[in-house]
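**Student:** Below you will find the structure I want to go over with you.
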Amino acid sequence: HQMTPEERAFQERVDRGEKIEPKEWMPEGYRKTLIRQIGQHAHSEIVGQLPEGNWITRAPTLERKAILLAKVQDEAGHGLYLYCAAETLGVSRDELLEKLHSGKMKYSSIFNYPTLNWADIGAVGWLVDGAAIMNQVPLQRTSYGPYSRAMIRICKEESFHQRQGYDIMMKMAQGTPEQKAMAQDALNRFWYPSLMMFGPSDKDSIHSAQSMAWKIKINTNDELRQKFVDQTVPQADYLGLTIPDPNLEWNEEKGCYDFSEPDWSEFYDVLAGNGPCNKERLGARVKAWDDGAWFRDALSAHAEKAEARRRS
Ligand code: ACO
């Protein structure tokens, strides 16, 4: 479609690297895309607390427990900054939550996989948070001001999360043969789901071209997936663990690793609600919302009474 003069002026601002702020004019598609992406991102942070929260009571030492508690609490904070960023686009938090709970909005596929043992908590920190940072560092330069500013703090905290995961993996990999085997097993199960976090391959990514033109996204899904593989292989080598991919090989000519694509039919199946934990995760969020109804009602009743007192 032919750009209107307003759309052209907007695109020129984006091209110059200017940040777009909440009250400024923006194309409806830009607003919608941001609400979708920021909302999905916020939901991922909130749902992402579940697989790790599952292990807080069973962390092997008091120190590990304190660290994991802090990390899971950070994820809650990330969700809240992101809901605030989405709200600046004219959508309410209640609307976003309603869409999550009714299955109309997505959250990251990765959180539909189970955390079966303590090594999985290491793998989640190392690989899942590692993939999240790879995607989020460039988003600090995204064109929408509130989203880019939220990303700065989120990335700082996320890099602490990645290191704590790697630290768990290091302890396990250097532990008893049984512990090392647990670390390898966790890597085996989390490798391909982590690669899926970056989204479908570029040829199947419906939103990438427009999102990149608007600088909502800075890199394509495949670019970030490649960077993640290149960064992670030496880390696995250092741990003495093997990435479960027989085709993984350094490509001298391209200066990066060749690797196997994840099974995309599994990815789409998880998106459709059929992953190992989809029902459990969404069920937990809906229950939390329902269980909190009395508290929201009490807050509203209190606010109404305070308002009535103020008026009389
Ligand atoms: N999990 C669930 N859905 C996904 C995933 C994924 N890993 N990857 C892609 N999708 C969905 C997209 O949302 C889109 O569906 P929709 O149109 O119903 O929204 C569809 O698959 C097609 O994908 P793309 O066209 O490539 O979508 P998009 O341009 O939005 O790219 C990406 C996907 C890379 C995830 C992008 O949205 C993004 O960078 N989001 C911000 C980061 C984020 O959400 N991180 C959450 C996980 S990290 C964490 O919370 C710790």
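**Student:** Compare P60, P146, P51 in a GNM of the chain, Cα atoms joined below 10 Å, and give the one with the largest fluctuation.
**Tutor:** P60
**Student:** Would you pull out the residues with amide H under 5 Å of Y144's amide H, same chain only if 5 or more places away, H placed 1.01 Å from N?
**Tutor:** I20
**Student:** Given contacts defined as C-alpha pairs under 8 Å and at least six residues apart, what's the relative contact order of region 77-161, whole-number percent?
**Tutor:** 30 percent
**Student:** Cα centroids of region 111-145 and region 209-283: how far apart, whole angstrom?
**Tutor:** 11 Å
**Student:** Related question: How many percent of the accessible area of the chain is carbon or sulfur, using a 1.4 Å probe?
**Tutor:** Carbon and sulfur: 56 percent of the exposed surface of the chain.
**Student:** Between A173, S148, W118, whose Cα lies farthest towards the positive end of the dipole of region 116-179 when Lys and Arg beta carbons carry +1 and Asp and Glu beta carbons carry -1, centred on the Cα centre?
**Tutor:** Working it through, the farthest residue towards the positive pole turns out to be S148.
**Student:** May I pose another question? Using a 1.4 angstrom probe, figure out how much accessible area the chain has per residue, in square angstrom, rounded to the nearest whole.
**Tutor:** 51 Å²
**Student:** Sticking with this structure for a sec: Go ahead and set up a Gaussian network model of the chain, Cα springs under 10 Å, then flag whichever of A85, A236, A42 fluctuates most.
**Tutor:** A236
**Student:** Additional query: Name the residues of region 124-154 whose amide N is less than 14 Å from a point 7 angstrom out from the Cα of D167 along the C-beta direction?
**Tutor:** 125-126
**Student:** As an exercise, take the mean of 1/r over every pair of distinct alpha carbons in region 76-186, invert it, and state the Kirkwood radius in angstroms.
**Tutor:** Computed over Cα pairs of region 76-186, the Kirkwood hydrodynamic radius comes out at 15.7 Å.
**Student:** Here's a follow-up. On the first, second and third principal axes, largest extent first, how far apart are the outermost C-alpha atoms of region 1-150 in Å?
**Tutor:** 61, 32, 24
**Student:** Can you give the direction-averaged projected area of the convex hull of the alpha-carbon atoms in region 159-228, in nm²?
**Tutor:** Value for region 159-228: 5.7 nm².
**Student:** Let me check I've understood the local charge: for F10, count other residues with C-beta under 12 angstrom from its C-beta, Lys and Arg +1, Asp and Glu -1. What total comes out? Could you put the intermediate results ahead of the total?
**Tutor:** Details: positive: R8, R13, R16, R31, K215; negative: E6, E7, E12, D15, E18, E24, E28.
Residues near F10 contribute -2 overall.
**Student:** Let me check the size of the chain from its C-alpha atoms; what are the radius of gyration and Dmax in Å?
**Tutor:** Cα-based Rg and Dmax for the chain come out at 21.1, 78 Å.
**Student:** Mind telling me which of C256, C155, C277 comes out most flexible in a GNM of the chain, alpha-carbon contacts under 10 Å?
**Tutor:** Comparing C256, C155, C277 in a Gaussian network model of the chain, the most mobile one is C256.
**Student:** Rank A284, T242, S300 by how far each Cα sits towards the positive end of the charge dipole of region 191-312 (+1 on Lys, Arg Cβ; -1 on Asp, Glu Cβ) and give me just the farthest.
**Tutor:** Result: S300, furthest along the dipole toward the positive end.
**Student:** Using amide H atoms built 1.01 Å from N in the peptide plane, name the residues 5+ places from C256, or on other chains, whose amide H lies under 5 Å from its own.
**Tutor:** Amide H neighbours of C256, under 5 Å, 5+ apart: N251.
**Student:** Still on this structure, please answer the following. If you plug each phi of region 158-164 into the Karplus form 6.51 cos²θ - 1.76 cosθ + 1.60 with θ = phi - 60°, what whole-Hz ³J(HN,Hα) values come out, in order, with x for Gly and Pro?
**Tutor:** After applying 6.51 cos²θ - 1.76 cosθ + 1.60, I find 5, 6, 5, 5, 5, 5, 5 Hz.
**Student:** May I ask you to work out the translational diffusion coefficient for region 1-69 at 4 °C, viscosity 1.567 mPa s, via Stokes-Einstein with Rh from the Kirkwood sum over Cα pairs, reported in whole µm²/s? Present the calculation step by step, with values, prior to reporting the outcome.
**Tutor:** Details: Rh = 15.7 Å.
It diffuses with D of about 83 µm²/s by this estimate.
**Student:** Ratio of region 29-116's C-alpha Rg to 2.2 N^0.38 Å, to two decimals?
**Tutor:** 1.21
**Student:** Based on alpha-carbon positions alone, could you give the equivalent ellipsoid semi-axes of region 178-312 from the gyration tensor, as √(5λ), descending, whole Å?
**Tutor:** Each semi-axis is the square root of five times an eigenvalue, giving 44, 22, 16 Å.
The values are calculated or read from the model by the stated rules, or taken from the named source; none is laboratory data. Since the model is a prediction, treat every value here as computed from it, not as a measurement. Cβ coordinates were reconstructed from backbone atoms using ideal geometry, including for glycine residues, and neighbour counts include every protein chain displayed. Surface accessibility is based on the protein's heavy atoms, side chains included, excluding ligands, DNA and RNA. Shrake-Rupley method; radii C 1.70, N 1.55, O 1.52, S 1.80 Å.
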